[in-house]
1. Does the range 127-150 contain at least one residue that is part of a loop (DSSP other than H, G, I, E, B) and of a type in the set (Lys, Arg)?
2. I need the full set of residues from the range 179-198 which are open to solvent by 70 Å² or more (accessible area, probe 1.4 Å) and part of a helix (DSSP H, G or I), in order please.
3. For residues in the range 151-176 being among the β-branched types (Val, Ile, Thr) and part of a helix (DSSP H, G or I), which is modelled with the lowest pLDDT?
4. Can you tell me which residue within the range 141-156, out of those that are over 14 Å from the mean Cα position of the chain (by Cα) and touching a residue at least 24 places away in the same chain (Cβ under 8 Å), is nearest to Arg103 (Cα to Cα)?
5. Out of all the residues in the range 1-44, which are outside any helix (DSSP H, G or I), of a type outside the set (A, V, I, L, M) and closer than 21 Å to Lys138 by Cβ?
6. For the range 42-58, how many residues are within 26 Å of Phe115 (Cα to Cα), of a type outside the set (A, V, I, L, M, F, W, C) and under 12 Å from the mean Cα position of the chain (by Cα)?
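The values are calculated or read from the model by the stated rules, or taken from the named source; none is laboratory data. Computed from a prediction, not measured in an experiment: that's the story for all the values here. Cβ coordinates were reconstructed from backbone atoms using ideal geometry, including for glycine residues, and neighbour counts include every protein chain displayed. Remember, those area values only see protein heavy atoms, side chains included, never the ligands or the DNA or RNA. Shrake-Rupley method; radii C 1.70, N 1.55, O 1.52, S 1.80 Å.
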Amino acid sequence: MENFDEYKRLTELRNWRAVSALNRVVHDTFGTRKELSALPGHLEPNEVVFAFTSGLMHQTVTSNVTDFGANTWLAVLTNERFLFLDAALLSRAIDSQSVRHDRVSAVSSSQGWMFGKIIIDLGARLITIDNCTKDSVKAMADLANKWLRHQEQNVSAPSATTQPSDPIELLERLGNLKKQGVLSDEEFQRAKEKVLAKL
């Protein structure tokens, strides 16, 4: 995916304003400053942030009992998943939800007169984040769909072509897939062990 290395660099720097600029959207922290501050602690090692938006999500099964109605959540698109964070008003507690990309069927955005919303289709249910800035939902949906396509192509490509017989070449290919974020650390390790076991 284009700009992957730049997204990775900016994530390592925790420069969320620059991520917004790279996506050509206004850096909106309305109601989610605590969540943005807490974001690094919720990222996995080598996880890369592509986009984020803030908006209203209704109470979910992971919400606290005292959460009523809709709360302002930070929705983050990474190379691994969609991550949702909601900070409590009077404490440092953070509610979080995570949806891996292999669970996502489609990502859509809708831009109204003043605000937008993003809809993540999981097949069995929809996750809707409403009252977001219009430009941020379009950028997030576009990037999510590009990344999902990128992952599908990289996962299906090895089966469509013959696998290299040279173990070194296969290990290099696996390393590239890990670097691009297509394979997690665990997936890379399992695949590497299989190649090495055949030697």
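1. no
2. Answer for the range 179-198, where residues must be open to solvent by 70 Å² or more (accessible area, probe 1.4 Å) and part of a helix (DSSP H, G or I): Lys179, Asp185, Glu186, Glu187, Gln189, Arg190, Glu193, Lys194, Leu196, Ala197.
3. Looking at the filtered set, the residue picked out is Val155.
4. For the range 141-156, the residue satisfying everything is Val155.
5. Matches in the range 1-44: Glu2, Asn3, Asn23, Arg24, His27, Asp28, Thr29, Phe30, Gly31, Thr32.
6. The total comes to 1.
Matching residues to (1) in contact (Cβ under 8 Å) with a residue 40 or more places away in the chain; (2) aliphatic (A, V, I, L, M); (3) open to solvent by 10 Å² or more (accessible area, probe 1.4 Å):
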position	(1), (2), (3)
Asn71	no, no, yes
Val76	no, yes, no
Phe82	yes, no, no
Ser105	no, no, yes
Gln111	no, no, yes
Lys117	yes, no, yes
Asp130	yes, no, yes
Thr133	yes, no, yes
Ala139	yes, yes, yes
